[in-house]
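Notes to accompany the following structure.
The values are calculated or read from the model by the stated rules, or taken from the named source; none is laboratory data. Remember, predicted model here, so these are calculated numbers, not experimental data. Cβ: placed from backbone, ideal geometry, glycine included. Neighbour counts: every protein chain shown. Calculation scope for accessible area: heavy atoms of the full protein, side chains included, ligands and nucleic acids excluded. Shrake-Rupley method; radii C 1.70, N 1.55, O 1.52, S 1.80 Å.
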Amino acid sequence: MNIHVQHKPIGAVLFQYDLYPEKIESIGKVKKIYTPNGVFALKETKMSEDETDWFIHVIRRLERIGFHYVVPILPTKYGDSVVRYDGHVYYLMPWYDDQTKFKHAVDTEEVMVEELARLHGLTERTQEYSEEVLEESYETLKKRWGYRRLEMERYVEQIEGNVYLSPFELTFLTHFQRTIFMAEEAEKHLKKWMEGAKEKKSFRSVLCHGKPSRKHTCFDQYGTAYFLNFEKAVLDTPSRDMALMFRHFFQLRPWDEQEGRHWLQLYEKHFAFFDEERHLFMSYLAFPESIYQSVDAYQNKESSVPELQSVSQLERKILTMNRIQRFMKSVFEGEQR
Amino acid sequence: MLSISKIQESYGFKHSKWKVNGELLDTEKGIKRLILWSDEKNARWHLQWRDSLWIKSGSLTNRMLQTVKGQKMLLSESGWITLHDEVSSLFPYKGREKEFGKFIGLYFSQDLKEFETEIYDPILDEESLDYAKKQISTTIRKKEIRFLEAMRKESLFRLSKATRVKGKNNHLKEPVVAPIRTLDQGKIVFEKFYWHNITGKPERGYHSLKTVLSEWLQRYGQNSLFLLLNEIDKYFPLKQEHGQQLLANCLAPWEYIDFIDKIKDLDNLTEVQVWKEKLSYQWEASRALVQALDEWLDATRKKVNV
């Protein structure tokens, strides 16, 4: 096996796949392995034993239920799904070239939303109803959001005392009341979710990808999407996964409430939210956590991001928040009338 | 035996040819060894043992390769067959007491759940010593009477000491492991340790551990052995429980039984002489190991005079 010195540590891993590489390229945590029998992607990650077991369970379950929109995990020559080696976990996939140009017009966001809906539909499970669990989830989230609000109020109090405000502080202060409004809206929707679930005396879970994003999706030339990286997959409410995907979309490019509604409708064409789930989805989106995270980063000066960049990042997030507000209004239009 | 084309198809090789007929297969995925198992239960025990050992120790071993259909054993007209990697480069143990000690500690602490297979569990007592002597041909027995009698007496003496040491820990659950016959079962692949399990029946007790330690002592000396024992002890408590049992096993005169087994069918004195020399070498190796172990073991334990 022809392995250069810098790749020697993975030699013992590749041995378990009987792979004889001609060339290895490092792309982040993935090694692109060129062999006479094809090109493969070897992912290196860190997972505890329980997390690894769960990951394997998820992959096997996806195979069992026939969800094919996944980049498959290839077993070792001994039949193992992953290799635990020297404190890392490795798994192998065939290399899928991610296409950006397609044979016909493809809207990648639409495809991702539809496939996420299919995944949720195939893995849907009604959970045993427990008011205690429901209330605990509600209280935990409410408490966390309350704490975050308090932190931001303290920050505002602190900067209000400054003689001169930095551009970032000024921007945040200008829009702070709007963030509070959105946080209150998030709480209202959260409450509606809990009341709805209590009334129905049921709630359901699906297999959530956990990190649905363009980065974790490969497209073929026909526009079919294949999800990868199920390392953070969990059994949870579909609202969570959808909110994560929407948040990701919001960062990719400008969007408007019509587009947001279109994505939601597409999702619901395959997997319709219950009313209370729609409220939960909206509460996740409405809470201005990403704005508060910008404040955290600015306060901690974690990165050497220039002031101008911090301000433009914050402004973009504020713009997104305003769009979410309009999106939220349009989704619940009928209800408010 | 399965035909080469059937093996090729089952394991998804593009091309293959026998390097050693029925044993070694040269494929585009490297050299593979074919094992024919006479006992299915033993094969299944080894399958589980090797998979568990990999999970527990994270060390590469000659696990059963999986077919394209996900099977790890194939039934042929001659019996069950399995396919394995063939790794030939020997592991350089020198200075790697920590790495190998951890592996051996985990090896002996591995406890496979209930498994229905025959376990090799030899018993050594006065009766077996007497019986062994009777197996030797009359010619040899007459010519070597003084030597054999001296050996028998010495063996009985060692056995009585072993019984005394062992008696204290009768309740202890002894390890059941894949037998180890030589340190040369340790190989290297991509600068990593690779363990070659042999196919014998699972073995109860400390026989294999004795083999490992005795060979280590001869190769790398007492200081290195102590480092190795310290490391093994972290995973397989030699100081607390198993040390006495190991010592008892080292005291037991297994060499004498092996010697008798080798010469029982011989009539030629020259050949017997070769085995006598080997016995003398093994006897000395056991004595040295007992002495070293005795020194290493906890001072609170009653010393055993060798």
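Structure notes:
- Among the numbered conditions (1) open to solvent by less than 20 Å² (accessible area, probe 1.4 Å); (2) touching a residue at least 40 places away in the same chain (Cβ under 8 Å), the only one that residue A:82 does not meet is (2).
- Qualifying positions in region B:74-88 - within 13 Å of chain A (Cβ to nearest Cβ) and either part of a strand (DSSP E or B) or surrounded by fewer than 18 Cβ atoms within 10 Å (Cβ to Cβ) (or both): B:82, B:83, B:84, B:85
- Strands (runs of 3 or more DSSP E) contained entirely in region A:1-101, each with at least 1 residues that are more than 11 Å from chain B (Cβ to nearest Cβ) and in contact with a Leu (Cβ under 8 Å, 6 or more places away or on another chain): A:30-35, A:38-45, A:88-94
- So residue A:173, is it modelled with pLDDT of 95 or more and touching a Lys or Arg at 6+ places or on another chain (Cβ under 8 Å): no
- Looking only at region B:209-223, and only at residues there that are in contact (Cβ under 8 Å) with a residue 40 or more places away in the chain and open to solvent by 10 Å² or more (accessible area, probe 1.4 Å), the one that is nearest to residue B:49 (Cα to Cα): B:210
- Residue match in region B:60-68 (condition: exposed (fewer than 13 other Cβ atoms within 10 Å of the Cβ), under 23 Å from residue B:31 (Cβ atoms), within 14 Å of another protein chain (Cβ to nearest Cβ) and not aliphatic (A, V, I, L, M)): no
- Out of A:131, A:151, A:185, A:231, sole residue that is in contact (Cβ under 8 Å) with a residue 40 or more places away in the chain, open to solvent by 70 Å² or more (accessible area, probe 1.4 Å) and in the same structural domain as residue A:115 (by TED's automatic domain parsing): A:131
- Of the residues contained in region B:123-136, none is found to be assigned to a loop (DSSP other than H, G, I, E, B) and modelled with pLDDT of 85 or more.
- Among the residues listed as B:235, B:281, the single one being surrounded by 19 or more Cβ atoms within 10 Å (Cβ to Cβ) and more than 18 Å from the chain's Cα centre (by Cα): B:235
- Region A:300-321, subset over 13 Å from residue A:171 (Cβ atoms) and surrounded by 13 or more Cβ atoms within 10 Å (Cβ to Cβ), residue farthest from the chain's Cα centre (by Cα): A:305
- Of all the residues in region B:171-208, those that are in contact (Cβ under 8 Å) with a residue 12 or more places away in the chain, of a type outside the set (D, E, K, R) and either part of a loop (DSSP other than H, G, I, E, B) or within 14 Å of chain A (Cβ to nearest Cβ) (or both) number 19.
- If the condition is being surrounded by 19 or more Cβ atoms within 10 Å (Cβ to Cβ) and over 19 Å from the mean Cα position of the chain (by Cα), then region B:50-59 contributes no residue at all.
- Yes/no for residue A:239 being open to solvent by less than 30 Å² (accessible area, probe 1.4 Å) and out of contact with any strand residue (DSSP E or B) (no Cβ under 9 Å at 6 or more places or on another chain): yes
- Residues in region B:98-110 that are open to solvent by less than 60 Å² (accessible area, probe 1.4 Å) and within 17 Å of residue B:192 (Cβ to Cβ): B:100, B:101, B:103, B:104, B:106, B:107.
- Matching residues in region A:140-181 - criterion: being closer than 27 Å to residue A:305 by Cα and aliphatic (A, V, I, L, M): A:150, A:152, A:156, A:159, A:163, A:165, A:170, A:173, A:180
- In region A:138-145 there is at least one residue that is aliphatic (A, V, I, L, M) and assigned by TED's automatic domain parsing to the domain that holds residue A:282.
- All positions within region B:56-105 that are basic (Lys, Arg) and touching a helix residue (DSSP H, G or I) at 6+ places or on another chain (Cβ under 7 Å): B:56, B:63, B:72, B:94, B:98, B:102
- Scanning region B:21-49 for residues that are of a type outside the set (Gly, Ala, Ser), open to solvent by 10 Å² or more (accessible area, probe 1.4 Å), within 14 Å of chain A (Cβ to nearest Cβ) and touching a residue at least 40 places away in the same chain (Cβ under 8 Å) turns up B:31, B:33, B:48.
- The one condition in (1) open to solvent by 20 Å² or more (accessible area, probe 1.4 Å); (2) in contact (Cβ under 8 Å) with a residue 60 or more places away in the chain that residue A:65 fails to fulfil: (2)
- For residue B:223: the one exception among (1) out of contact with any helix residue (DSSP H, G or I) (no Cβ under 9 Å at 6 or more places or on another chain); (2) among the polar types (S, T, N, Q); (3) within 14 Å of chain A (Cβ to nearest Cβ): (3)
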